[in-house]
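So the structure is just underneath, and the comments pick up after that.
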Amino acid sequence: MSTLSDETLRKILLQIQQTAVQSQRALNVSRQQMSAKERERRILQLTIDEISQMDNEVNLYKGIGKMFMMVPRPEMEKDLKTQEKELSDDINNLTKKAKYLEKQFNDAQTQLRDIFHHAPKQ
């Protein structure tokens, strides 16, 4: 470590710190997105459950802009299931991204600890 100049060490330290901060921010954003998607998925699941408990003769309406259009039951159920699958896929992708960012953040912290632990004491 002592073979590197102070300026080079400073640049390396700054880069590692920036990586840690960026990873932490991105991790927080991913977690917020995951919780929003989870909330949406729960609402969709409740809607699917409510529709399945209704009689087949009940008219179903879908909001489109400022109006509502009557939609056949099978089409409504298919749309809701498709949306639920998309949300589940999004949640899985965000989970993978969060794991990667958490690992990146932990690696940066470990590097910082190693640098400070092995730094010559003055």
Legend entry - Residues of the stretch 63-85 classified as exposed (fewer than 15 other Cβ atoms within 10 Å of the Cβ) and assigned to a strand (DSSP E or B), total: 6
Inset, instruction - Go through the residues of the stretch 86-101 one by one and say whether even a single one is surrounded by 11 or more Cβ atoms within 10 Å (Cβ to Cβ) and more than 16 Å from the chain's Cα centre (by Cα). - result: no
Legend entry - Hits in the stretch 5-62 (condition: farther than 30 Å from residue 74 by Cα and not in a helix (DSSP H, G or I)): 5
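None of the figures in this text is laboratory data; all of them are computed from the coordinates on show. Since the structure is predicted, the reported quantities are computational estimates derived from the model, not experimental observations. Neighbour counts run over all protein chains shown; Cβ positions are idealised from the backbone, glycine included.
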